[in-house]
Every structure is written in C-alpha cells, then in structure tokens.
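Visitor: Quick one: the structure is below, and I'll ask about it shortly.
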C-alpha cells in the first residue's frame, strides 16, 4: 500500500505564491478599466500640454524646442500676473461671503424652526441647476445700463445707478453671479453634514443648559469642519478656473473685461485668437500648479485645525 507523504514546506510556499499572484492579477483586472480611462482623459492631456509648453512656433523654422523658456516668459508676463491677481482678489472676497451665506442657510434649515423648509431648500439650490452661460446672460441683461433692469430703474425713477459693468464694478458683478449660482450647492454640502451629527450631542448640550448659539459654535460647526474644508477647496479651484462669466459678459462690457481678465480667459485668447498654442499650454500648466499648491495649503490648514 502506497503512502502519500504530506507536501513539503517548499511546495506549500510555491502554491501560496501562485495563488497570491493570481489574486493580484484579478485585482488589477478590476481596476484596469478605470486606469485606462484615467490615463486617456487625465494623464495624456497633461502630458501633451507639458510637451507643447517645451516648444515655440517661430516664423522661420517652424516649431522649435525651447526648454523652459516659455515658463520664464510666463513668470515675467504682466498680463498673466494681472489676471492671476484679479482672481486672487476674487477668491479672498467672494469665497468667504459665499460660504458664509451657505453656512447660515444650512444652519437655518437644520434648526427646524424655518417654515416651509423643503420649499426653501429647493429654492436656494435651484440656481445651481441653471447653466453658467444662461446665468451670465440673464444677469448680464439685468446689469445692462442701456437696455436692462438697471436702465429701466433709471428711466422709471429718474435716478442714475452705478453701472454694474463698469471697469470698477464688473468683478463685483461677476462675484454676485457666482455667489447666486453656488450658494445652494455649498448649502447642500453643509446641510448634509449637519444632518448626520448624533442626536446624543444635542441631548447632552440640552442637559447642560447650552443655548442655541453655544450649540452652533461648540457642536455644529466643529462637527462639519470636514465639509467646510471640502467646500473651501472646491471654491478655491472654481475661483482659479473663472471663465464662463467673464467670457459671456465680455461682449456686454468690452472696455471692462479684457482678453487677460482671468488666466483661463487669457489662455483661451492665446490659443484660439492668437494661435499661440505652446505659450497657452505653458500658462495653463502654471495655473494648474498654482491651483494645486493653494488647494493643498487650504487642505493642510483645515486638517491641522481638525486635529
């Protein structure tokens, strides 16, 4: 009668490695569709933009490799820095106002003391469903000094309101449009975070005799700090990507909105009007790096505060 010897330790280790390798390949098979799409729609465009930024189209000789010369030129470009300064000012003023209004609305909805809460929530969120182009056209018509709502008020009451599309007020007018569009979006983020706060915290605060203001400052706002950080990061990125509103209003206020009003508008003008594709790719890469750094700093500070 034959005796079957137990498998050796080396054989067991070999079979374990085979099974482990198979599991790893199965895992890669699951994530492969995402990796392919990610490489095609994200990594490939960035790589091609970096490639374009290293060349310059010259009158004699065509496209030439210039290395980092385009980046040196961008860092000394007055028009680029003018647009970047403008969106930086827009970020510092508009984002806190927008997020502050959204937070107040979310707290009002969460308080349970607001009559018609569901209708109010939908009404605040509804502007987010309006496309940016449509919102810019609508507000541009109302801003019109010769044909819009401002002109009608002037004619009806015999007054002379400031022109919202003047060079001194156009950035404020764009901030009003963006705030109108995105208050509801940020409100929904804050409201969703408020709804998952454990009720036990409110019960403990009630036992301790805490008032509503104390509950807001000691429980609600600290509990949604993560949502505040996320909304701030999204708003920072959106501010640096400002394009639709000034692009639409440019035809209504050509003296106030220049081709370099924002970095994205400047990049668009360079590429499609000036046919400077290489330099446009350079400006886009620089703006991407600036946006990434600022967003990372905001996230880092938010995480430190949370800890």
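Visitor: So which residues in region 128-172 are at pLDDT below 90 and out of contact with any helix residue (DSSP H, G or I) (no Cβ under 9 Å at 6 or more places or on another chain)?
Guide: 146, 151, 152, 153, 154, 155, 156, 157, 158
Visitor: Further question: Give the residues of region 211-242 that are surrounded by fewer than 17 Cβ atoms within 10 Å (Cβ to Cβ) and not in a helix (DSSP H, G or I), sorted by residue number.
Guide: Matches in region 211-242: 211, 241.
Visitor: Restricting to region 194-212, count the residues that are in contact with a helix residue (DSSP H, G or I) (Cβ under 6 Å, 6 or more places away or on another chain) and without any contact (Cβ under 8 Å) to a residue 60 or more places away in the chain.
Guide: Of the residues in region 194-212, 3 are in contact with a helix residue (DSSP H, G or I) (Cβ under 6 Å, 6 or more places away or on another chain) and without any contact (Cβ under 8 Å) to a residue 60 or more places away in the chain.
Visitor: Separate question: Could you list, in sequence order, all residues of region 71-85 that are part of a helix (DSSP H, G or I), closer than 21 Å to residue 241 by Cβ and more than 24 Å from the chain's Cα centre (by Cα)?
Guide: Filtering region 71-85 down to residues part of a helix (DSSP H, G or I) leaves 71-75, 78-85.
Applying the additional criterion that residues be closer than 21 Å to residue 241 by Cβ yields 71, 74-75, 79-85.
Of everything in region 71-85, just one residue is part of a helix (DSSP H, G or I), closer than 21 Å to residue 241 by Cβ and more than 24 Å from the chain's Cα centre (by Cα), namely 71.
Visitor: If you go through region 268-283, how many residues are part of a helix (DSSP H, G or I) and more than 17 Å from residue 76 (Cβ to Cβ)?
Guide: The first filter runs over region 268-283 and keeps only residues part of a helix (DSSP H, G or I), leaving 268-273, 277-283.
Restricting the remaining residues to those that are more than 17 Å from residue 76 (Cβ to Cβ) gives 268-269, 271-273, 277, 281.
Counting residues in region 268-283 that are part of a helix (DSSP H, G or I) and more than 17 Å from residue 76 (Cβ to Cβ) gives 7.
The values are calculated or read from the model by the stated rules, or taken from the named source; none is laboratory data. Source: prediction; values computed, not measured. Here the Cβ is made from the backbone with ideal geometry for all residues, glycine too, and neighbour counts use every protein chain on show.
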